[in-house]
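Readers should treat all values here as calculations from the given coordinates under stated rules, not as data from a laboratory. Computed from a prediction, not measured in an experiment: that's the story for all the values here. Methodologically, a virtual Cβ is constructed for each residue, glycine included, from the backbone with ideal geometry; neighbour enumeration extends over all protein chains shown.
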Number of protein chains: 2
Amino acid sequence: MSRSYGQLCGLALALDVIGDRWNLLIVRELLVRPDGARYTDLRDGLPGVATNLLADRLRDLQHSGVVGREEPKPPVATPVFRLTEYGRALRPAVEALAVWGGERVPGSSGEQDFRSRWLVVPIEALLADHHPDDPAVRVEVRTGDEPVVVEVGGGEVHARAGRPQDRPDLVISGPPKAVLGVISGKLPIAVAADVGVEVSGDTTVVNRLGLG
Amino acid sequence: MSRSYGQLCGLALALDVIGDRWNLLIVRELLVRPDGARYTDLRDGLPGVATNLLADRLRDLQHSGVVGREEPKPPVATPVFRLTEYGRALRPAVEALAVWGGERVPGSSGEQDFRSRWLVVPIEALLADHHPDDPAVRVEVRTGDEPVVVEVGGGEVHARAGRPQDRPDLVISGPPKAVLGVISGKLPIAVAADVGVEVSGDTTVVNRLGLG
DNA sequence: CAGCATCCGCTTTGATACTG
DNA sequence: CAGTATCAAAGCGGATGCTG
């Protein structure tokens, strides 16, 4: 467990729980895996983490009630980690931080790891369904290690890793940084074509999402 | 400067900038001091920080564009630190974390430092003016080291350290933890009286703020 | 005194190796 | 697969010293 700030202040109390290095990234990883994650899923989604730290942090987060661990019943299987309701309540904070940090996407440099799944948080935080009465549509985002589906309709936007059931109405593909730049609103979609972002299908959906 | 996560992800990029210990608390301190703060103001508002760390972090935050430092012109005076616009953009994230952490206020224990000023963030994040067309009113919160004024009117709620110009319409006083518990919504105001919270004046303002 | 910088003991982190 | 063990390096907290 980490050292407490010892301050009677909501922010300080929050940081006492999730302020340690890697903790919020673990929460992110569990937010984008609503069905839960195994230890190795987490390790893969957190490139750079030392395995002992991951184990320590998971223990801490369990003790503070943010993460739950489900032991499997049948003979052979592996434990699954999942956010508790208390942990899911971190979503607004994670989104706000991700939006703020998205500002730095175009300028960021160096070796950067990427997982398509990470797009789920900024997509749901920043994109909106501006034509809620139109029929629902599906967008497929192709970049990085796996596709991401965005379901848009009824005024809501949901994203998850995977492929759409039906064929998508719109497909966006390109290099991860450019795609994330577009989602973060720092890279106008018109300019994005110059850095390899391709958009095909029903391009009115682009406006519907506010990516014009 | 801290070690980067090296991940192409808004959250990770945000944490690269403000993820180090004390950084977000420094941002909080500057958020509740909109006129800027001197080095010693910050040290007083951050009980427990080592002075070398405060100096280091202020340098880091300047380099990353979160904090600005204004050198005084006249012969003798001391530098003033202030959030840049980029730094002020952290407010939603700080509020979200403070709200989440507020959950722990009633259960928190041990030696806890407190500064009345810290109330400004949760007050503005959690209280609302539910009767925007009524005339503006002032609330004085008396707890901790100095009073805090809350100005309510026109659908907005603003808080700052200090006393109201005119005499307040409502006065709330009591021990810091109880007062913060009430603001955080975890301690019903009816129950708060048992732990020393006193409310005097125009108590309709309590409902107007949603503290009923 | 305000605003740091330096030093030192301790804790935390990160990389790798190892185990049930 | 899901961690534990080990150890060097970095970071933190506290005290103290320097400079205008």
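So what is the calculated 222 nm ellipticity per residue for chain B, using -39500 (n - 2.57) for each DSSP H run with n of 4 or more, over all residues, to the nearest 500 deg cm²/dmol? All intermediate terms of the calculation are to be shown ahead of the outcome.
Numbers: 10 runs with 78 residues, N = 212.
Rounded to the nearest 500, it is -9500 deg cm²/dmol.
For region B:136-212, the Stokes-Einstein estimate of translational diffusion at 37 °C and a viscosity of 0.692 mPa s comes to 264 µm²/s, using the Kirkwood hydrodynamic radius over alpha-carbon pairs.
In chain B, taking the dipole from charged Cβ atoms about the Cα centre, the farthest positive-side position among B:Pro79, B:Leu209, B:Val171 is held by B:Pro79. Output the 0 to 90 degree angle, nearest 10, between the alpha-carbon long axis of helix A:51-63 and the longest principal axis computed from the alpha carbons of chain A. Rounded to the nearest ten degrees, it is 80. With label points defined 7 Å past Cα in the direction of Cβ, position A:Ala136 shows copy-to-copy spacings of 4.7 nm, given to one decimal and shortest first. Per residue, the convex hull spanned by the Cα atoms of chain B measures out at 151 cubic angstrom.
Below 13 angstrom from the Cβ of B:Arg104, what's the summed charge of the other residues (Lys, Arg +1; Asp, Glu -1)?
Here the count lands on 0.
D for the protein assembly as shown, whole µm²/s, Stokes-Einstein with Kirkwood Rh over alpha-carbon pairs at 20 °C and 1.002 mPa s: what number? The Stokes-Einstein estimate is 92 µm²/s. Per-residue shielding of B:100-112, expressed as the average number of other chain Cβ atoms within 10 Å of the residue Cβ, stands at 6.
Using only side-chain charges placed at the Cβ, +1 for Lys and Arg and -1 for Asp and Glu, the dipole size of region A:108-173 relative to its Cα centre rounds to 220 debye.
Distance from the B-onto-A rotation axis is smallest for the Cβ of the chain B residue given, in whole Å, as B:Ala96, 2.
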